[in-house]
Amino acid sequence: FRLINNQKEFVRKSQGKCIIWGKPATYIIANYTSSDGVPTSSLLITSGYWGMARHLNYLSDMILSLCYCLPAGFTHLMPYSYFVFMVILLTHRTFRDHQRCLGKYGTDWEEYCRQVPYKIIPGIF
C-alpha cells in the first residue's frame, strides 16, 4: 500500500523527472479548473504500479484486510465480513472515482483509461 502511494508522490514531487523501475516515468498532464476557478494541472502516472492498474493500491488494501481475517481460521464466515466489506467498498469506489475523474479531467482521463485499462487487478479488472 505505502509503496504504491509513495511512487505516486515521488513522481508528482519530481514533476515526472524521475526513474521508475529503471525507465523514465511516463504520465499524462491532465489540465482542469479547480473549484475556485484556477487553471491547474496534475500528473496521471502511466508507468510503474500506476501503469498496471488505476487503483492497484486498493488491491493491496483488500489483501491486507484478508490478512487481518485469516488468523480467525475457517470455521466461521463472520470474521471475513471485514474483507467482504472492503472488497465491496473499494470496488464501488473505483466506479465513483471514474465518474469524478471523468468530470474533472475530461479527455485527459479518457486517454489515461486507454493507456491504463485495468481498474484494480492487472489483466483482469
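Things worth noting here:
- Residues that are β-branched (V, I, T) and open to solvent by 70 Å² or more (accessible area, probe 1.4 Å), drawn from the stretch 3-37: I19, I29, T33
- Test: residue in the stretch 84-101 that is crowded, with 16+ Cβ neighbours inside 10 Å, more than 20 Å from F1 (Cβ to Cβ) and not polar (S, T, N, Q): yes
- The set of residues from the stretch 82-125 being of a type in the set (A, V, I, L, M, F, W, C), part of a helix (DSSP H, G or I) and more than 21 Å from A30 (Cα to Cα) comprises F83, V84, F85, M86, V87, I88, L89, L90.
- Residue check: L59 meets all listed conditions (1) assigned to a helix (DSSP H, G or I); (2) in contact with a Phe, Trp or Tyr (Cβ under 8 Å, 6 or more places away or on another chain); (3) of a type in the set (A, V, I, L, M, F, W, C) but one, namely (2).
- The numbered conditions (1) touching a helix residue (DSSP H, G or I) at 6+ places or on another chain (Cβ under 6 Å); (2) surrounded by fewer than 11 Cβ atoms within 10 Å (Cβ to Cβ); (3) not hydrophobic (A, V, I, L, M, F, W, C) are all true for P79 except (2).
- The number of residues in the stretch 41-55 being part of a strand (DSSP E or B) and open to solvent by less than 50 Å² (accessible area, probe 1.4 Å) comes to 4.
- Flag for Y58 being under 27 Å from A25 (Cα atoms), among the hydroxyl-bearing types (S, T, Y), open to solvent by less than 80 Å² (accessible area, probe 1.4 Å) and out of contact with any strand residue (DSSP E or B) (no Cβ under 7 Å at 6 or more places or on another chain): yes
The values are calculated or read from the model by the stated rules, or taken from the named source; none is laboratory data. Computed from a prediction, not measured in an experiment: that's the story for all the values here. All Cβ positions, glycine included, derive from the backbone under ideal geometry; neighbour counts span all protein chains shown. Remember, those area values only see protein heavy atoms, side chains included, never the ligands or the DNA or RNA. Shrake-Rupley method; radii C 1.70, N 1.55, O 1.52, S 1.80 Å.
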